[in-house]
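Only one structure is covered here, and it is reproduced in the block below.
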Amino acid sequence: QVQLVESGGGLVQAGGSLRLSCAVSGSIFSIYNMGWYRQCPGKQRELVALMPNGGRPNYADSVQGRFTISTDNAKNTVYLQMNSLKPGDTAVYYCYARKVGRDYWGKGTLVTVSS
């Protein structure tokens, strides 16, 4: 089992920044993908950023150049730095991990961007 706990969400004005954190624990051996998804009000969950183990990150077009995913292996933590936030970024953000045959999700953290 893998446990994912997000933190760092909150209310921010448009143009501001937030950094989300995801603490990873449990059986983390052989996790080969980690990332962030979000679910905007009234929409389906969508990929925000994905970090393949040992690979290069990739981003949704809507956040490219504004968001950055990173990992701190010593702390077993995944981050999402979000800059130049827009009201359209308002969503619940979920941390994600994948091992062979199974996906893991955190419970989510709410980000609200006011105009």
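The values are calculated or read from the model by the stated rules, or taken from the named source; none is laboratory data. A quick note: this is a predicted structure, and the numbers were derived from the prediction, not measured. Here the Cβ positions follow ideal geometry from the backbone for every residue, glycine too, while neighbour counts run over all protein chains shown. Ligands, DNA and RNA are stripped out before the accessible areas are found, and what is left, the full protein with its side chains, is counted by its heavy atoms. Shrake-Rupley method; radii C 1.70, N 1.55, O 1.52, S 1.80 Å.
Numbers at a glance
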{"read-out": "Exclusive hit being in contact with a helix residue (DSSP H, G or I) (Cβ under 9 Å, 6 or more places away or on another chain) and among the charged types (D, E, K, R), set Arg102, Arg56, Arg45, Arg66", "value": "Arg66"}
{"read-out": "Residue among Val100, Val92 that alone is β-branched (Val, Ile, Thr) and farther than 17 Å from Asn33 by Cβ", "value": "Val92"}
{"read-out": "Segment 94-115, subset crowded, with 19+ Cβ neighbours inside 10 Å and among the hydrophobic types (A, V, I, L, M, F, W, C), residue nearest to Glu6 (Cα to Cα)", "value": "Cys95"}
{"read-out": "Only listed residue being of a type outside the set (Lys, Arg), at pLDDT below 95 and farther than 16 Å from Gln1 by Cα, chosen from Ala74, Ala91", "value": "Ala74"}
{"read-out": "Qualifying residue in segment 61-72 (condition: open to solvent by 60 Å² or more (accessible area, probe 1.4 Å) and among the basic types (Lys, Arg))", "value": "no"}
{"read-out": "Matching residues in segment 17-33 - criterion: being outside any strand (DSSP E or B), within 16 Å of Asn53 (Cα to Cα) and either within 12 Å of the chain's Cα centre (by Cα) or modelled with pLDDT of 90 or more (or both)", "value": "none"}
{"read-out": "Among the candidates Gly55, Gly35, residue that is in contact (Cβ under 8 Å) with a residue 12 or more places away in the chain and either loosely packed, with under 15 Cβ neighbours inside 10 Å or out of contact with any Gly (no Cβ under 9 Å at 6 or more places or on another chain) (or both)", "value": "Gly35"}
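A quick yes/no check of all residues on (1) under 19 Å from Pro87 (Cβ atoms); (2) part of a strand (DSSP E or B); (3) more than 12 Å from the chain's Cα centre (by Cα):
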site: Glu6; (1), (2), (3): no, yes, no
site: Val12; (1), (2), (3): yes, yes, yes
site: Gly15; (1), (2), (3): yes, no, yes
site: Val48; (1), (2), (3): yes, yes, no
site: Met51; (1), (2), (3): no, yes, no
